[in-house]
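The values are calculated or read from the model by the stated rules, or taken from the named source; none is laboratory data. None of these values were measured; they are calculated from a predicted model. Every residue, glycine as well, gets a Cβ built from its backbone with ideal geometry; the counts of neighbours run over all protein chains shown. To get the accessible areas, we keep the full protein, side chains included, count just its heavy atoms, and leave off ligands, DNA and RNA. Shrake-Rupley method; radii C 1.70, N 1.55, O 1.52, S 1.80 Å.
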Amino acid sequence: MGLKADFSAELPAWRERVAKLVNESGEVIVDQVSIGQIYGGMRNVKGLVTDISYVDPSEGIRFRGYTIPEVLELLPKPPDSKMPYVGGLYYLLLIGKVPTEEQALDVEAEWKARAEIPDFVFNVMKSMPRDSHPMMLFSTAILALQHESVFAQKYQEGITRDEYWQPMLEDSLNLTAKLPSIAAYIYSMKYKSGEFTGPRNDLDWGANFAYMVGNSSKEYVDLARLYLILHSDHESGNASAHATHLAASTLSDIYFALSAGLNSLAGPLHGLANQEALRWLLGIHLEFNGVPTKEQLYNYAWEKLNSGQVIPGYGHAVLRKPDPRFTAQFDYALENLPEDEIFQIARLVFEVVPKVLVEQGKAKNPAPNMDAISGTLQHHYGIKEFEFYTVMFGVGRALGVSANAIWSRALGQPLERPKSLTTAMLEDIAQKAKASA
Ligand code: NMX
Ligand code: MLT
């Protein structure tokens, strides 16, 4: 397998680099932590490392050093397509280099060869109540697949620590190969006829997702590729990446770890915000019987804030400017669906809501994140069942968190176990600090 050989080739230099850094500079202080940060969700505490992506507060995400426009420009694209192969993105995340077309197609071929899903996974999903949340079905299906884990089996057989990354890569390819089908099955079972069309061998991973959820138009296939790429990674501290990393740090396999990550993606302050954002836009459409005026929207936003609600899709724990993942989707909508009324509302919200949030003076970032717009595009192309959107986010996010999990194994990252204190201890520290000030 080309991907495995390319990963093997990268590894020795990385192992040497990390060992040198830790051996020579292990005592160097990187950050301090305040009582406010301990009680405040550890915001901006620098305690994690990844080389796969980095979020600059003003600029947004870079994947392996490349901005979103650069990624979309540089990755190989299928013939007549505006958006790249998602397999190429996975290669970039894993290997750190922009793939050739052959390397991107190699990942796509690996996924095709591993896409078949055992029947028991479908049976588990079928046995759940029909009104189950799609994220529960998605996470459960992934957990059921743990039965197939190569890592769990090899660990029992006693492989060495240096080899751990190999079955982790194997499991990650096996799992990511199946995700578009699992997601599309959930979509079909919950919202459509239930007659599931499996993947086609002549389509790439992103195009197959579009095909299986029932829209193979050129525009939607490109949007599906864009969506899956944009949602893949957002450095290591976001809740789904961190939860996946924490679970995997116990040497549990990627099935257990991704399921844990997805369970945290399912909260409204994280991935579920995408369904909430569309719900909020549709609510505005209903309330005003179309697109409101600026003034109506301004008052509406204030009403929501005054009733204690957050405005979904706005604000961010790290970003302090509009999210470039928002911008990429906004530009796609401007080009392809400027007349869509829900998009026009999303556009108006983008003009009005940051001003309202600034006036309220609470949110540190009044700008939109990617969830503010992602559902609007899906809704336009017929994926209207917004409870499903977080599953789509999860299909993309699996790429980033699994790439990180493979690298964590390869670099021998240990069990994650930070220290906690009691409130009395913190009060004591605070008192001593006051006394010595
Ligand atoms: N609407 C209303 N209030 C907000 C918003 C918002 N969009 N964003 C932040 N605030 C409030 C926040 O609730 C907090 O209030 P309080 O002091 O009463 O607890 C205050 O502003 C300060 O919060 P920040 O420090 O700016 O934000 P934090 O880092 O704590 O949280 C989010 C970040 C993303 C959770 C927050 O901005 C939010 O709840 N946004 C809406 C939900 C959302 O879009 N989530 C998706 C994030 C991206 N993703 O995909 O995961
Ligand atoms: C993400 O993509 O995970 C979100 O933007 C949340 C985050 O980075 O904290």
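So here's what we get for this one:
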{"item": "Distance (nanometres) between label positions extended 7 Å along Cα→Cβ at residue 44 and residue 8", "result": "4.6"}
{"item": "For the chain, size of Cβ-based charge dipole, Lys and Arg +1, Asp and Glu -1, in debye", "result": "980"}
{"item": "Heavy-atom accessible area ranking, 1.4 Å probe, most first, across 385, 16, 341", "result": "16, 341, 385"}
{"item": "Net +/- balance of residues flanking residue 278 in space, Cβ distance below 11 Å, scoring K and R +1, D and E -1", "result": "-2"}
{"item": "Cα centroid separation, segment 365-437 to segment 277-316 (Å)", "result": "25"}
{"item": "Accessible area (Å², 1.4 Å probe, nearest 10) - residue 193", "result": "90"}
{"item": "Rounded to the nearest 10 Å², the accessible area of residue 358 at probe 1.4 Å", "result": "90"}
{"item": "Cβ-based net charge around residue 313, under 12 Å, with every Lys or Arg adding one and every Asp or Glu removing one", "result": "-1"}
{"item": "Shape category assigned to segment 123-196 from the gyration tensor of Cα positions, a/c cut at 1.5", "result": "prolate"}
{"item": "Cα gyration tensor shape for segment 241-350, rounded if a/c is under 1.5, else prolate or oblate", "result": "prolate"}
{"item": "Two-site label geometry, residue 58 and residue 163: point separation in nm, points 7 Å out along Cα→Cβ", "result": "5.0"}
{"item": "Whole-angstrom gap from segment 92-109 to segment 1-71, using each part's C-alpha centre", "result": "21"}
{"item": "Cα gyration tensor shape of the chain, rounded if a/c is under 1.5, else prolate or oblate by comparing a/b with b/c", "result": "oblate"}
{"item": "Sequence of 264, 139 from largest to smallest accessible area, 1.4 Å probe", "result": "264, 139"}
{"item": "Computed E for residue 321/residue 97 - FRET, C-beta separation, R0 41 angstrom, nearest 0.05", "result": "0.90"}
{"item": "Cut-off 12 Å between beta-carbons: net charge of the residues surrounding residue 181, Lys and Arg +1, Asp and Glu -1", "result": "+3"}
{"item": "Segment 14-53 residues near the modelled residue 429 label - backbone nitrogen below 11 Å, point 7 Å along Cα→Cβ", "result": "32-39"}
{"item": "Anchor residue 190: aspartates and glutamates whose Cα lies under 14 Å away (excluding residues fewer than 8 positions away in-chain)", "result": "131, 385, 387"}
{"item": "Long pairs among 304/355; 218/384; 364/432; 4/218, criterion Cα-Cα beyond 23 Å", "result": "364/432; 4/218"}
{"item": "Segment 192-325, relative contact order in percent, only Cα pairs under 8 angstrom and at least six apart counted", "result": "12"}
{"item": "Packing-based order for 66-78, 364-376, using average beta carbon neighbours within 10 Å, highest first", "result": "364-376, 66-78"}
{"item": "Largest-first ordering by accessible area, 1.4 Å probe, given options 21, 94", "result": "21, 94"}
{"item": "Pairwise FRET efficiency - residue 339 versus residue 302, Cβ, R0 = 45 Å, nearest 0.05", "result": "0.95"}
{"item": "Cα-only Debye scattering, segment 305-360: base-10 log of I(q)/I(0) at q = 0.17, 0.19, 0.27 Å⁻¹", "result": "-0.64, -0.78, -1.22"}
{"item": "Residue 397 - accessible surface, heavy atoms, 1.4 Å probe, Å² rounded to 10", "result": "10"}
